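For reference, the structure discussed in these notes is given below.
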Amino acid sequence: MDRKKELKMMYKEAKRPMGIFQIKNGQTGKILVGSSNNLEAMKNREMFMLKTGAHFNRELQQDYNQYGADAFTFEVLETLKLTDNPFQDTKKELEELEEKWLKTLQPYDENGYNKRKGT
């Protein structure tokens, strides 16, 4: 039982990769850009939601249904560099990184699945 508690604690304390990702439609080139404080969990979540037809982005879900799973890839664009500073504001840093990638890739309208802020 002690080993189980130790493993749980190690899991909770483990630093997971945080950063910016994209889901890319290889058939159309359209992308969805997002950020996560746990990229591996986000990949699992996004792909599960698409497979079950429950993704919140209707346009992405429609294309996934049309083109199939093999047409889509999940890619990490950039990981957040973690420091030993206990006051590192990872939420703010992720928001800034995401904004940078949104400006760079412009995944809106015919280029992607993201919605412009305020629309």
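Only the coordinates and a few stated rules stand behind these numbers; no lab work does. Computed from a predicted structure; not experimentally measured. All Cβ positions, even for glycine, are placed from backbone atoms using ideal geometry, and neighbour counts span all protein chains on display.
Once a ≥ b ≥ c are taken as the square roots of the eigenvalues of the Cα gyration tensor of the stretch 54-119, is the result rounded (a/c under 1.5), prolate (a/b larger than b/c) or oblate (a/b not larger than b/c)?
Verdict is prolate for the stretch 54-119.
Take the residue pairs LYS4/LYS24; LYS43/LYS115; LYS5/LYS92 and return only those whose Cα atoms are more than 30 Å apart.
LYS4/LYS24; LYS5/LYS92
Please determine, in degrees from 0 to 90 and to the nearest 10, the orientation of helix 39-51 with respect to the longest principal axis defined by the Cα atoms of the chain, where the helix direction is its Cα long axis.
With rounding to tens, the tilt is 40 degrees.
By count of other Cβ within 10 Å, fewest leading, how are GLU93, GLU46 ordered?
Ordered by Cβ neighbours within 10 Å, fewest first: GLU93, GLU46.
Starting from the Cα gyration tensor of the chain, take the square roots of the eigenvalues, sort them a ≥ b ≥ c, and report rounded, prolate or oblate (rounded when a/c is under 1.5, otherwise prolate if a/b is larger than b/c, else oblate).
Oblate is the answer for the chain, as a/c is 1.5 or above yet b/c matches or exceeds a/b.
Which whole-number percent is the relative contact order of the chain (Cα, under 8 Å, 6+ apart)?
Relative contact order for the chain comes out at 34 percent.
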